[in-house]
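The values are calculated or read from the model by the stated rules, or taken from the named source; none is laboratory data. Every value quoted in this text rests on a predicted model; they were computed, and no experiment measured them. All Cβ positions, even for glycine, are placed from backbone atoms using ideal geometry, and neighbour counts span all protein chains on display. Please note that ligands, DNA and RNA were not included when accessible areas were found on the heavy atoms of the full protein model with its side chains. Shrake-Rupley method; radii C 1.70, N 1.55, O 1.52, S 1.80 Å.
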Amino acid sequence: MNWALSIDKHTISDAKRVEEPERQLEDGEVRLRVDRFALTANNVTYAAFGEVMRYWEFFPGSDGRGRLPVWGFADVADSRCEGVEPGERVYGYFPAASELIVKPGRVRPDSFVDDAAHRAELAAVYNRYVRCAADPSWSADLEPAQMVLKPLFVTAFLLDVFLREDGADDADTIILTSASSKTAIALAALLQASPMGKTRVLGLTSSGNASFVDGLGLYDEVVLYDVIETLGQDRRYCIVDFAGNGEVNRRLHTRLETVLTANIRVGGAHWDNSAPVADLPGVKPQFFFAPDHAKARAQAWGPVAFEQRYADAWSNFANRSNEMFEFREHPGADGALTVYNALVAGGFPARYGETIRVAG
């Protein structure tokens, strides 16, 4: 029997472990034995937006409930697909479960995609599996950082490009809400590495995370949610909203109505208060869907140039990751359920990166 986390699609705090029988492979299929994966606030965002953004459709559950998408590593346990051999290791998008059966297509030395019919119309960026032996950036030592941070980093990378070319307009201050979130930290690192002229980066955070956020040295200014009403109105602001908190958005828009150039909504770290707010003063928030931006950039730059620019940026950030975060491992299905429940309830101290060893 295999295990999986089963989550109510509408009440994401309702999660449990379920067991599922192993089925026989059909021609063209491969059994991936999931070895380890990360659990972060990003996965809670997948659950919170599971219906709207179609995240629940990637891994249908036999019980009609959701299977949580995660990023991690798996080994080929069995194969009936030419060109994919048992024993090789792959990185990609899996359910929080002990196995995934895929139907590889476009098999190349460095990767393949899952050509399963139900994934054909879903965002292609989630369907690619990287073959670790052919990935120059892969190493066993960096697997925890890759699982926890790389899925978030691609969003930060795309946001960085968008802000420079389209998103920040004439803002002189970029506000990152949920400044302790790992995607916000990655974006702050990119903006620090290549400053946008005199544009300042302001991290908005809670009192409990303020010391950690300030200690990163990535933000020009760190401000608590409690004092939003004291933000100066002598600047022009662009918000990059990782929190998705309705109350925070209303307070920001009310305070900055006449000096707010954009509000770019990325995630829902504050998932329990993430419903869009109607009739906000000032500019209308816009939703940033990373897969659409990835597709557009790959078309504009060419796939090879896109991959190279992204790989270079990721390498620089990954090499700094151990200075910023502590990666922790939890065993098996019980560990996965415990970590997921804790994330939904409010998470862990921001410096931790939580990973699951499936067979632990």
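Some points to look at:
- Anisotropy class of the range 194-254 from Cα gyration tensor, a/c 1.5 cut: oblate
- Converting phi to 3J(HN,Hα) with the Karplus coefficients 6.51, -1.76 and 1.60 and the offset θ = phi - 60°, the range 193-210 yields 5, 9, x, 8, x, 9, 5, 9, 10, 10, x, 9, 8, 8, 5, x, 9, 4 Hz in sequence order, with x at every glycine or proline.
- The equivalent ellipsoid of the chain has semi-axes of 35, 22, 19 Å, largest first, where each one is the square root of 5 times an eigenvalue of the Cα gyration tensor.
- Multiplying the residue separation of residue 63 and residue 22 by 0.36 nm and subtracting their alpha-carbon distance yields 13.2 nm.
- The chain: angle of helix 246-256 to the longest principal axis, Cα-based, in degrees nearest 10: 30 degrees
- Rounded, prolate or oblate (a/c below 1.5 giving rounded, otherwise prolate when a/b exceeds b/c) for the range 307-360 by Cα gyration tensor: prolate
- Sorting 291-299, 198-206, 166-174 by their mean Cβ neighbour count within 10 Å, with the most densely packed peptide first, gives 198-206, 166-174, 291-299.
- Pairwise label distance in nanometres, residue 164 with residue 115, each label 7 Å out on the Cα-Cβ vector: 3.7 nm
- Scattering curve values for the range 285-337, log₁₀ I(q)/I(0), Debye with Cα scatterers, q = 0.21, 0.25 Å⁻¹: -0.85, -0.90
- Per-residue ³J(HN,Hα) for the range 164-179, Karplus 6.51 cos²θ - 1.76 cosθ + 1.60, θ = phi - 60°, Hz, x for Gly and Pro: 6, 9, 9, x, 7, 6, 9, 5, 9, 9, 9, 8, 9, 6, 6, 5
- Rg/Rh for the range 173-276, where both radii come from Cα atoms and Rh is the Kirkwood radius: 0.93
- Rounded to the nearest 20 debye, dipole of the chain from Cβ charges on Lys, Arg, Asp, Glu: 300 debye
- Highest mean packing first, where packing is the average number of other Cβ atoms within 10 Å per residue, the peptides 64-73, 331-340, 107-116 line up as 64-73, 331-340, 107-116.
- Within the chain, helix-based [θ] at 222 nm, where runs of 4 or more DSSP H residues each add -39,500 (n - 2.57), nearest 500: -9000 deg cm²/dmol
- Tilt relative to the chain, helix 332-345 - C-alpha long axis, 0 to 90 degrees, to 10: 20 degrees
- Extension reserve of the residue 53-residue 258 stretch, reckoned as 0.36 nm per residue once the Cα distance is removed: 70.7 nm
- Charged-residue dipole, Cβ positions (Lys, Arg, Asp, Glu), the range 1-100 about Cα centre, Debye nearest 20: 440 debye
- For the range 23-102, the convex hull drawn through the C-alpha positions has a volume of 94 cubic angstrom per residue.
- Positive-end ranking of 289, 42, 174 along the dipole of the chain, with charges on Cβ about the Cα centre, is headed by 174.
- Nearest-ten-degree value, helix 303-318 long axis tilted from longest Cα axis of the chain: 70 degrees
- Packing rank of 34-41, 156-163, 230-237, 6-13, where each peptide gets the mean count of other beta carbons within 10 Å, highest leading: 34-41, 156-163, 6-13, 230-237
- Taking the Cα centre of the range 92-161 as reference, the dipole from Cβ charges on Lys and Arg (+1) and Asp and Glu (-1) amounts to some 200 debye.
- Descending Cα extents along the principal axes, the range 62-142, whole Å: 38, 28, 24
- Spin-label model distance (nm) - residue 316 vs residue 108, 7 Å beyond Cα toward Cβ: 2.5 nm
- Computed FRET value (nearest 0.05) for residue 247 with residue 1, which takes r as the C-beta separation and R₀ as 56 Å: 0.80
- With Cα atoms defining each centre, the range 131-166 and the range 5-25 are spaced 28 Å apart in the structure.
- Accessible area per residue in Å² at 1.4 Å probe, computed on the chain: 43 Å²
- Antiparallel DSSP beta bridges within the chain, percent to nearest 5: 60 percent
- In this structure, residue 9 and residue 229 have a Cβ-Cβ separation that, at R0 = 51 Å, corresponds to a calculated FRET efficiency of about 0.85.
- With θ taken as phi - 60° and the Karplus curve 6.51 cos²θ - 1.76 cosθ + 1.60 applied, the whole-hertz 3J(HN,Hα) list for the range 288-293 is 9, 9, 4, x, 5, 5 Hz, x standing for glycine and proline.
- Pairs of Cα atoms farther than 24 Å apart, the range 55-209, %: 47 percent
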